[in-house]
Amino acid sequence: MPELPKAYLPQNYETQIYRQWEQSGFFNPDNLLKKGEPFSISLPPPNATGILHAIQDLMIRYWRLRGRAALWLPGEDHAAIATQNVVEKKLHKKDGKNRYDYGRDEFIKRVNEFIASSRSTIRDQIKAMGASCDWSRERYTLDEGLSRAVREVFVRMYHDGLIYRGKRIVNWCYRCGTTLADDEVEYKEQKTPFYYLKYGPITISTARPETKVLDKVIIVHPDDKRYQGYIGKSFDVPWIDGMVKATVVADKVAEMETGTGAMTITPAHSFVDFELAQKYGFEIVDIIGPDGKLTANAGKFAGLNVKEARIAILDELKKKDLVEKIDEEYIHNLSICYRCGTPVEPLPSEQWFVAVDKPFKRGLFHRTTLKKLAIAAVSTGKIKIVPERFAKIYDHWMKNLHDWCISRQIWFGHRVPAWKCISCGEWFVGQAKPSTCLKCKASNLEQDPDTLDTWFSSSLWTFSTLGWPDKTKDLATYHPTSVMETGYDILFFWIARMVLMTQYSLGDIPFRTVYLHGLVRDKQGRKMSKSLGNGIDPIAMIDKYGADALRLSMIIGTTPGNDFRLYDEKIAGYRNFVNKLWNIVRFANLTAELKIVEIPPEAKTLADKWILSRFARVADLVTKKIESYSFSEAGEALYDFTWHELADWYLEVAKIEGNKQKILSYLITQLLKLWHPFTPYVTETLWRETFGEAAGLLMVQSWPEKLPAPADDPGFEIIRDVVTALRGFRVEHKLGPDKVINFAVTKDKYRIIESYTHLVQGLRTTTIAKPINQLSNGERLVVREGVELIVSFDKLDK
């Protein structure tokens with residue numbers, strides 16, 4: 001074979017190698033001979049920003065090398081709110097128009113044009129990372145097959161009474177103009193004034209005086225002695241916009257330690273207050289509208305936004321001497337939209353909900369709830385979460401789950417499959433529009449303009465992408481999927497909903513294991529963001545350092561559930577290692593004519609026994625660590641062997657001893673296989689350049705399993721420790737390479753050193769070995785237990 005260049009330049013090989021992989025058809029497991037249980041992963045659908053998937057590709061390549069039917073099914077998410085916001089901003093910047101200026105159909109057309117370009121960019125990014133996805137099975141959450149699955153689940157759940165339309169309080173973002181699910185609300189701690197207001201004979205406390213215009217009910221704790229004489233009584237109170245009749249109600253929801261322990265309730269703008277209103281039958285009146293401004297119910301404050309209203313109402317309270325005091329040091333958790341950062345308003349609204357606590361029939365006799373099914377899937381061990389500590393967090397979150405609001409007031413996404421009769425107001429749910437109203441026979445039915453929460457369609461991802469609701473071969477073969485690898489930040493956004501919806505739709509789990517990775521942070525540990533300008537562009541990093549270096553920087557040194565740092569110097573360091581691997585194979589090629597060797601050759605020297613034994617152990621360790629999801633530990637062990645044992649020691653010995661063709665052929669054959677899941681490009685290139693086109697592709701070779709190894713022999717370890725000690729002695733005493741070192745070794749180990757003096761001297765130590773009794777004066781070095789050296793040099797010797 002032609003001599004390899006001295007340096008590995010990834011840009012000269014990566015595009016060509018990926019093209020070879022694609023053209024081979026081996027990303028599709030249908031094209032390979034298979035053994036054992038299939039292994040499948042559904043690629044978490046990335047949105048417009050894209051996601052790096054080094055760990056998933058590692059798993060897929062590993063199991064493919066193990067001979068399994070390894071399917072990695074790719075796809076993209078339409079990311080409704082985020083995508084619509086991006087496109088609206090672009091169109092407004094370009095034409096100064098909003099979506100209403102275009103109309104629904106034209107606006108959706110513009111969004112689809114953006115999506116086509118975005119999907120292409122995401123696909124190119126994933127391919128550049130070396131992802132071995134089966135692109136023939138690629139899906140998109142808005143394609144017809146998945147849209148059909150979404151409608152099917154909605155209709156079934158509606159008829160089972162698990163989806164209902166009702167007026168409940170929801171999280172509302174007036175910037176995005178839509179509802180948000182509970183877990184789409186983020187919280188930002190901030191210092192805000194806390195107001196103590198005179199409400200007749202009682203002082204109430206609140207952080208939001210702008211919502212108190214029509215408050216008429218005071219809630220106190222039944223055990224609060226301060227208010228025992230007021231409970232159950234009503235009295236007239238001078239208030240913001242005139243007199244009101246206030247009533248005091250005792251309920252344990254009141255917190256005696258917060259403020260004065262007394263609070264008035266605003267049922268339309270607080271989840272707690274809304275529940276109290278439902279419980280006691282209090283009137284629910286909107287104070288704040290969907291546009292973020294006060295409604296006509298607020299009287300003279302109508303039309304003001306929340307900030308303006310707070311100032312105006314506080315002025316009014318001060319004029320009437322109803323402000324007792326203001327605490328400026330109150331720490332408040334402000335709820336904000338996870339997409340745009342706008343403060344979220346709780347508002348009552350007609351929406352579609354999934355009922356998580358409503359019993360439904362599962363089988364002939366069993367009745368259960370969606371919440372119970374989702375909790376049991378993890379608590380019984382059917383689904384394993386890595387790291388385990390997140391299982392407790394999952395359980396806590398699921399037990400506190402409320403009904404899930406699934407309708408969104410945006411245009412882009414899956415349209416709610418429900419139609420309303422304009423004549424009689426009746427709703428109909430189905431796969432298609434009814435020709436006439438089933439109640440009044442009118443034909444003027446209109447589809448709900450709302451769309452479904454993106455997480456509703458994404459929660460069906462593992463099975464809808466495999467052809468459900470049809471009973472396909474793929475569904476039978478690859479579901480439940482083996483692993484879902486994703487960030488811990490969407491455990492509740494997505495993972496929990498996938499468990500819930502798959503349990504309902506299939507009566508099964510969506511995956512057997514959830515592997516949660518951490519968030520990517522910069523060198524200083526800061527979260528990457530546009531405002532800080534500290535984001536990593538994966539394509540730029542690949543162009544600069546190569547995909548393999550980027551992959552290693554995202555695998556080695558990372559642990560499940562913990563954030564990790566990614567920065568230029570780290571990636572550059574792994575670029576150096578990739579080049580080291582290249583030069584190891586290059587040296588072996590220059591030393592001997594390498595051939596594919598699958599069976600360990602006979603060890604002829606002490607060094608041969610040592611390297612074959614060490615390699616067998618590291619191969620076994622890497623296998624165990626990958627299968628236990630300890631990917632970093634697997635990479636670290638392989639890195640240490642490759643650089644610090646094979647390169648630093650055995651290849652140096654090979655230069656001295658020679659005649660290593662068979663062992664080097666075996667080591668390079670198997671080492672490239674072990675490194676392939678971590679660094680697919682350089683290993684595939686080296687395989688081809690070393691063994692030729694006739695050897696086939698490395699990606700479909702056989703993984704090294706249970707390799708035989710020579711019995712342990714500490715002899716070479718002793719030689720290695722002696723050499724290391726002598727090198728250290730030379731450095732410590734600043735001895736040049738021409739200075740001869742005399743040393744003696746303990747008698748029982750002298751025979752080993754005597755037999756391998758050529759190695760000790762050849763490994764750049766320039767030493768003379770003598771029996772222990774021939775060198776009485778010198779510095780004593782303890783090399784290892786049972787091995788001591790006496791070392792000296794002639795200070796007059798030049």
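Assorted remarks:
- The lysines within cross-link reach of Lys109, meaning a Cα-to-Cα straight distance under 17 Å and a gap of 8 or more places when in the same chain, are Lys89, Lys90, Lys94, Lys97.
- The tail of the calculated P(r) for region 268-368, taken as Cα-Cα distances beyond 22 Å, holds 54 percent of the pairs.
- C-alpha center-to-center spacing [region 200-248, region 509-583] in angstrom: 56
- Here is the list for region 1-94: GluC sites (Glu not before Pro) lying in DSSP coil, each with at most 14 other C-beta atoms within 10 angstrom of its C-beta, are Glu3.
- Dipole magnitude for region 13-157: computed about the Cα centre from +1 point charges on Lys and Arg Cβ and -1 point charges on Asp and Glu Cβ, it is near 140 debye.
- Degrees between helix 14-24 axis and first principal axis of the chain (Cα, 0 to 90, nearest 10): 80
- Antiparallel bridges, percent of DSSP beta bridges restricted to the chain (to nearest 5): 70
- In degrees, nearest ten, helix 606-627 long axis to first principal axis of the chain (Cα): 10
- For the set Lys225/Lys252; Lys604/Lys625; Lys216/Lys300; Lys198/Lys233; Lys245/Lys320; Lys212/Lys293, the pairs lying more than 21 angstrom apart at their alpha carbons are Lys604/Lys625.
- Between region 297-358 and region 387-458, the Cα center-to-center distance that results, in Å: 28
- Added length on full extension, which subtracts the Cα-Cα distance from 0.36 nm per residue, Ser628 to Tyr567: 19.2 nm
- Region 558-577 residues near the modelled Arg389 label - backbone nitrogen below 12 Å, point 7 Å along Cα→Cβ: 560-563
- Candidate lysines - alpha carbon under 16 Å from Lys439, same-chain residues fewer than 8 apart omitted: Lys420
- A simple rule links phi to the HN-Hα coupling: the Karplus curve 6.51 cos²θ - 1.76 cosθ + 1.60 with θ = phi - 60°, which for region 374-386 gives 5, 5, 5, 4, 8, 5, 8, x, 4, 10, 9, 9, 10 Hz, with x for Gly and Pro.
- Loop-resident GluC sites (Glu not before Pro) (DSSP state other than H, G, I, E or B) in region 659-762 with no more than 11 further Cβ atoms inside 10 Å of their Cβ: Glu705.
- Extension gain, Thr380 to Ala476, is 32.2 nm, computed as 0.36 nm per intervening residue step minus the present C-alpha separation.
- In this structure the amide hydrogen of Thr264, modeled in the peptide plane, comes within under 5 Å of the amide hydrogens of Ser205, Ile219, none closer than 5 places in sequence on its chain.
- In a DSSP loop and with at most 12 other Cβ atoms within 10 Å, there are no trypsin sites (Lys or Arg not before Pro) in region 136-213.
- Per atom type, the chain shows carbon and sulfur on 50% of its accessible surface, probed at 1.4 Å.
- Cys440/Arg165 FRET efficiency (R0 22 Å; Cβ-Cβ; nearest 0.05): 0.75
- By the compact-protein rule of thumb, 2.2 N^0.38 Å, the alpha-carbon radius of gyration of the chain corresponds to a ratio of 1.24.
- For region 630-659 versus region 95-115, the inter-centroid distance based on Cα atoms is 58 Å.
- FRET E, pair Asp327, Glu189, Förster distance 25 Å, beta-carbon r, rounded to 0.05: 0.95
- Fully extended contour minus Cα-Cα distance, from Glu144 to Gln16, at 0.36 nm per residue: 42.7 nm
- Acute angle (nearest 10 degrees) that the helix 389-399 long axis makes with the longest principal axis of the chain, alpha-carbon atoms: 20
- Cα shape, region 150-213, gyration tensor, a/c 1.5 rule: prolate
- Near-label residues of region 408-439 by backbone N, under 20 Å of a point 7 Å along Cα→Cβ of Lys90: 410-414
- Over the C-alpha atoms of region 502-657, the Rg to Rh ratio, Rh being the Kirkwood estimate, stands at 1.08.
- ³J(HN,Hα) computed for each position of region 629-636 - Karplus, 6.51 cos²θ - 1.76 cosθ + 1.60, integer Hz, glycine/proline x: 6, 9, 5, 5, 5, 4, x, 5
- Listed residue (Leu452, Ala277, Thr203) projecting farthest to the positive dipole end of the chain, Cβ model: Leu452
- The simple spin-label model puts a point 7 Å past each Cα toward its Cβ; for Asn583 and Thr559 those points are separated by 3.2 nm.
- Residues of type lysines that Lys544 reaches as a straight line, Cα spacing below 24 Å, ignoring anything fewer than 8 places off in the same chain: Lys6, Lys127, Lys523, Lys527, Lys530, Lys570, Lys580
The values are calculated or read from the model by the stated rules, or taken from the named source; none is laboratory data. This structure is a prediction, so every number in the text was calculated from the model and none was measured. Glycine gets a Cβ as well: all are built from the backbone with ideal geometry, and neighbour counts include every protein chain shown. Please note that ligands, DNA and RNA were not included when accessible areas were found on the heavy atoms of the full protein model with its side chains. Shrake-Rupley method; radii C 1.70, N 1.55, O 1.52, S 1.80 Å.
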